[in-house]
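**Student:** Quick one: the structure is below, and I'll ask about it shortly.
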């Protein structure tokens, strides 16, 4: 029987049965569970394909992928910190944008005064941490609402930054600093593998290779070198990832933990292929960007902290039920303090990256709006506005989705004003979907 | 014979897994004061919530016939329109607002976009005088005492043109004097023709004020006693109805009863309320628990049992503590933190598993390990495999019915949630377990399983304190029973010698003496 079009003249009984049949089929294939679980990934893929078609696949080209990472490094770093604050009960930190400006400004002053860049980096991190500890004190111990304490910080630290820089732009255009924290030609891992594996580059530059077909959007006429180190890093990371997953599956099997092995194998294969593909793409450009080194480090550490450590567990528990957690012997106030001290530290790192990206810090607008990008990435990535729910992996997808949308709209030259409208709508729709899918469950 | 104002016919209300009301029938005549009595959880409040539309039509079975018509309320507004007004045990007033604002909250005078404040305050004052309050209606609620707040609630009900007024434990937070004034006010309303339903635990008040007394037990109306005789109905007569028949075999037999030395002892333990610091919530309590012993603490709601247990558990409740806490005969000073109590091998299993016990958004596994993460981690890094194994072990031990320990606790039934809560505290490996209402709101089968767990714990040499407001449970499970009332321990009995009547009588005597 054919499904009748909705609103057609057929009797409602017939419509109902074909509709019911459709629903039944959907239920059998577990389409709804699948959609619910992987909404954001599906949205991400759809957005990539849409912008790919509109931009002639430029969005996936070696250059744009590399740029995407450099432009959004601060979002990933700050969102990792923001996620921990949100986990404690939907608390946010509004001050991070200003703290980025302040710590970056301190770094600029130190480096301009001729101090070794590594001292400057250390001071920037410690300043961020100190600010986090300071704000965390008010929030955790005195119980000033986080929203207000960090709003105060948002005003104050931008003011201090402007004062210490004398209202002038701070300069961070120093070759050694940019090499590690910038996005210039030199800000990549040096290709030391090229001499160890001398034939690889030549082989890869052969334009008849199958990989050329894998990289839509990349203009191979302009490609003159292949970064062997970048590709090797990709292969090593993918292998480590597969090894960890295999170990996990085997342990689960040994302990008789119910699991869906095909789903785990599929996700493992897809993620390792993605890692390989991104590294292959970047290898045809300038190689493995330093920004990605810092981002990967931060994401790896925080995925571990939230998943595997006691403090991570406490963050989820406090957000899920603070009273029960306190009665379980957890010092809940210290959990808040940890979350805010931690985001201060990460704001310090983001300050370093912002100074590197812009080759300096302008106190008028450096870090402006960073806090909102980080918050949006967490919520799009499925964190609960009430706390207790949210994962680093979700946040990564949220931040990537936002980054891709920004990038894509720039590539198809959407006016700036409308870009903001689209970002707002994406946030609303993402959270709306989350709220609705939860309501259906109840 | 006066006209029947309200008739509730064959009301049945089921919650997931529990039948809260089972074919309840209730008749209230116009102009009478009708009392509902029964133990906690017998179904009195549920019945009143059905009547007032909090549980809307369609969520229960049976008929409500009010003033000759069958009613189908879909919310409180519907029932209030007909003059059925309920005053809840917990006062529903906003402290920062004035009396007048509170009285007309949601029922504002004038247009909803242009409130007529003059009329609001004039009307409010009029009703305040009717309940005997001299305060201006412009006084903020936080500035008047609890007794007067209760009267404001009644004035608020009058302002809604109440014809049938339902009072749920109206005197539970009042002192003797205020209570008496309130009851006299009810009697004067009755003279003016108002119909009232009162829910109360205080049987002396019930027999003083009520015309008829309906006894509710286990979700069913047992009997209605007429209180029109020359002598008021005796409290013993009401208690007989409340307690009812003996139920056999509800409790598993204790085996291997080996009672050892005193492990936990408190002497002259006094705790004050955290907000009203002059009020004592635990008053000069002395008690002890021996190894392998199950000690019951019985008392009505608000007697101070939870406060006692939580104050022993690292002073998790209250302020201005005094008295002595001894563990194994040695004086111990616990710092004000739950973690210190856990270190001293004390566990408190809360009565409020959703509010204070479990993280509903997390899995069984995460909840089980929460109070003892050290046991499954090294250098504060959690060993996921160890954690899983531990959660599995307790799932098996406590027969938690779930497809996997990765299941979210929020998706479990009440009985299984309670088992997860017990698993969490058993995993913390305490020597002393303070169990606060461990079987509240769960079905009979799960109760039996939890009783078995309690017996196993005692047999393993743990000290168990069982706090309960279910008399049969305390009698059936304990070796020794303390009776609490109004923050004090008013009696201690060996379970073998105690009866339901003797315990209830002890409580009533102390209440009257105070």
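The values are calculated or read from the model by the stated rules, or taken from the named source; none is laboratory data. It should be emphasised that the depicted structure is a prediction, and the values quoted were computed from it without experimental measurement. Virtual Cβ from ideal backbone geometry, glycine too; neighbours counted across all protein chains shown.
**Student:** Just name the residue that is nearest to residue A:321 (Cα to Cα) out of those in the stretch B:337-359 that are crowded, with 18+ Cβ neighbours inside 10 Å and within 7 Å of chain A (Cβ to nearest Cβ).
**Tutor:** Among those residues, the one meeting the criterion is B:359.
**Student:** Taking strands (runs of 3 or more DSSP E) that do not extend beyond the stretch B:4-72, which have at least 2 residues that are surrounded by 21 or more Cβ atoms within 10 Å (Cβ to Cβ) and in contact with a helix residue (DSSP H, G or I) (Cβ under 9 Å, 6 or more places away or on another chain)?
**Tutor:** B:4-15, B:18-29, B:33-37, B:61-66
**Student:** From the list B:428, B:458, exactly one residue is at the interface with chain A (Cβ under 9 Å from one of its Cβ atoms), closer than 27 Å to residue B:476 by Cβ and either touching a strand residue (DSSP E or B) at 6+ places or on another chain (Cβ under 7 Å) or crowded, with 20+ Cβ neighbours inside 10 Å (or both). Which is it?
**Tutor:** Checking each option against the conditions leaves just B:428.
**Student:** Let me ask another. Please pick out the residue among A:81, A:52, A:70 that is at pLDDT 90 or above and in contact with a strand residue (DSSP E or B) (Cβ under 8 Å, 6 or more places away or on another chain).
**Tutor:** Of A:81, A:52, A:70, the one residue that is at pLDDT 90 or above and in contact with a strand residue (DSSP E or B) (Cβ under 8 Å, 6 or more places away or on another chain) is A:70.
**Student:** Can you find even one residue in the stretch A:91-98 that is within 18 Å of the chain's Cα centre (by Cα), closer than 18 Å to residue A:376 by Cβ, in contact (Cβ under 8 Å) with a residue 12 or more places away in the chain and not assigned by TED's automatic domain parsing to the domain that holds residue A:401?
**Tutor:** Among the residues of the stretch A:91-98, not one is within 18 Å of the chain's Cα centre (by Cα), closer than 18 Å to residue A:376 by Cβ, in contact (Cβ under 8 Å) with a residue 12 or more places away in the chain and not assigned by TED's automatic domain parsing to the domain that holds residue A:401, which makes the answer no.
**Student:** Give the residue, chosen from B:21, B:91, B:5, B:36, that is under 19 Å from the mean Cα position of the chain (by Cα) and over 28 Å from residue B:146 (Cβ atoms).
**Tutor:** Sole residue among the options that is under 19 Å from the mean Cα position of the chain (by Cα) and over 28 Å from residue B:146 (Cβ atoms): B:21.
**Student:** On to the next question. Here's a check for you: in the stretch A:229-265, which residue that is touching a helix residue (DSSP H, G or I) at 6+ places or on another chain (Cβ under 7 Å) and not in a helix (DSSP H, G or I) is surrounded by the most Cβ atoms within 10 Å (Cβ to Cβ)?
**Tutor:** Filtering the stretch A:229-265 for residues that are touching a helix residue (DSSP H, G or I) at 6+ places or on another chain (Cβ under 7 Å) and not in a helix (DSSP H, G or I), the one surrounded by the most Cβ atoms within 10 Å (Cβ to Cβ) comes out as A:257.
**Student:** Would you check which residues across the stretch A:317-334 are surrounded by fewer than 24 Cβ atoms within 10 Å (Cβ to Cβ) and in contact with a helix residue (DSSP H, G or I) (Cβ under 6 Å, 6 or more places away or on another chain) and list them?
**Tutor:** A:322, A:323, A:326, A:329, A:332, A:333
**Student:** Anything in the stretch B:392-423 that is under 17 Å from residue A:324 (Cβ atoms), crowded, with 20+ Cβ neighbours inside 10 Å, within 13 Å of chain A (Cβ to nearest Cβ) and without any contact (Cβ under 8 Å) to a residue 60 or more places away in the chain? List them, or say none.
**Tutor:** If the condition is that a residue be under 17 Å from residue A:324 (Cβ atoms), crowded, with 20+ Cβ neighbours inside 10 Å, within 13 Å of chain A (Cβ to nearest Cβ) and without any contact (Cβ under 8 Å) to a residue 60 or more places away in the chain, then B:409, B:423 are the ones that fit.
**Student:** OK, next. For residue A:226, indicate whether it is in a helix (DSSP H, G or I) and either surrounded by fewer than 15 Cβ atoms within 10 Å (Cβ to Cβ) or in contact (Cβ under 8 Å) with a residue 40 or more places away in the chain (or both).
**Tutor:** No.
**Student:** When you go through B:374, B:392 one by one, which is the residue that is over 29 Å from the mean Cα position of the chain (by Cα) and closer than 27 Å to residue B:445 by Cβ?
**Tutor:** Result: B:392 is the single residue among B:374, B:392 that is over 29 Å from the mean Cα position of the chain (by Cα) and closer than 27 Å to residue B:445 by Cβ.
**Student:** Mind counting the residues in the stretch A:317-337 that are within 12 Å of another protein chain (Cβ to nearest Cβ) and outside any loop (DSSP other than H, G, I, E, B)?
**Tutor:** Selection size over the stretch A:317-337: 13.
**Student:** With respect to residue B:270, is the statement that it is loosely packed, with under 14 Cβ neighbours inside 10 Å and either at pLDDT 95 or above or within 23 Å of the chain's Cα centre (by Cα) (or both) true?
**Tutor:** Taking the combined requirement at face value, the residue does not satisfy it.
**Student:** Could you tell me whether residue A:304 is at pLDDT below 95, within 14 Å of chain B (Cβ to nearest Cβ) and either buried (at least 17 other Cβ atoms within 10 Å of the Cβ) or on the phi < 0 side of the Ramachandran plot (or both)?
**Tutor:** Answer is yes for this residue.
**Student:** Right, next: For residue B:351, are the conditions met, namely being at pLDDT below 95, part of a loop (DSSP other than H, G, I, E, B) and under 30 Å from residue B:170 (Cα atoms)?
**Tutor:** When the stated conditions are applied, residue B:351 passes them.
**Student:** To continue, here is another question. Hey, among B:489, B:450, B:481, B:442, which residue is in contact (Cβ under 8 Å) with a residue 24 or more places away in the chain and in a helix (DSSP H, G or I)?
**Tutor:** The unique qualifying residue is B:450.
**Student:** Still on this structure, please answer the following. Taking the condition of being more than 10 Å from chain A (Cβ to nearest Cβ) and crowded, with 18+ Cβ neighbours inside 10 Å, how many residues in the stretch B:379-391 meet it?
**Tutor:** 2
**Student:** Would a scan of the stretch B:370-378 turn up a residue that is more than 8 Å from chain A (Cβ to nearest Cβ) and assigned to a strand (DSSP E or B)?
**Tutor:** Yes, some residue in the stretch B:370-378 is more than 8 Å from chain A (Cβ to nearest Cβ) and assigned to a strand (DSSP E or B).
**Student:** Which one of the conditions (1) surrounded by 24 or more Cβ atoms within 10 Å (Cβ to Cβ); (2) farther than 25 Å from residue A:326 by Cα does residue B:287 fail to meet, given that it meets all the rest?
**Tutor:** Exception for residue B:287: condition (1).
**Student:** I've got another one for you. (1) surrounded by fewer than 16 Cβ atoms within 10 Å (Cβ to Cβ); (2) modelled with pLDDT of 75 or more: which one isn't true of residue A:58, the others all being true?
**Tutor:** Result: residue A:58 fails condition (1) only.
**Student:** Can I ask one more? Out of A:21, A:63, A:37, which single residue is modelled with pLDDT of 75 or more and in the same structural domain as residue A:156 (by TED's automatic domain parsing)?
**Tutor:** Criteria check complete, one pass: A:63.
**Student:** May I ask you to list the residues in the stretch B:304-333 that are assigned to a loop (DSSP other than H, G, I, E, B), more than 12 Å from every other protein chain (Cβ to nearest Cβ) and farther than 19 Å from residue B:275 by Cβ?
**Tutor:** B:328, B:329, B:332, B:333 - these are the residues of the stretch B:304-333 that are assigned to a loop (DSSP other than H, G, I, E, B), more than 12 Å from every other protein chain (Cβ to nearest Cβ) and farther than 19 Å from residue B:275 by Cβ.
**Student:** Pick out the one residue from B:296, B:292 that is more than 14 Å from chain A (Cβ to nearest Cβ), in contact with a strand residue (DSSP E or B) (Cβ under 9 Å, 6 or more places away or on another chain), assigned to a loop (DSSP other than H, G, I, E, B) and at pLDDT 90 or above.
**Tutor:** Answer to the check: B:292.
**Student:** Looking at A:352, A:389, A:311, A:380, which is the one that is away from every other protein chain (no Cβ under 14 Å) and at pLDDT below 95?
**Tutor:** When all the criteria are applied, what remains is A:380.
**Student:** Do we find that residue A:104 is closer than 28 Å to residue A:342 by Cα, in the same structural domain as residue A:358 (by TED's automatic domain parsing) and assigned to a helix (DSSP H, G or I) in this structure?
**Tutor:** yes
**Student:** Kindly indicate which of B:495, B:506 is surrounded by fewer than 23 Cβ atoms within 10 Å (Cβ to Cβ), touching a residue at least 60 places away in the same chain (Cβ under 8 Å) and touching a strand residue (DSSP E or B) at 6+ places or on another chain (Cβ under 7 Å).
**Tutor:** B:495
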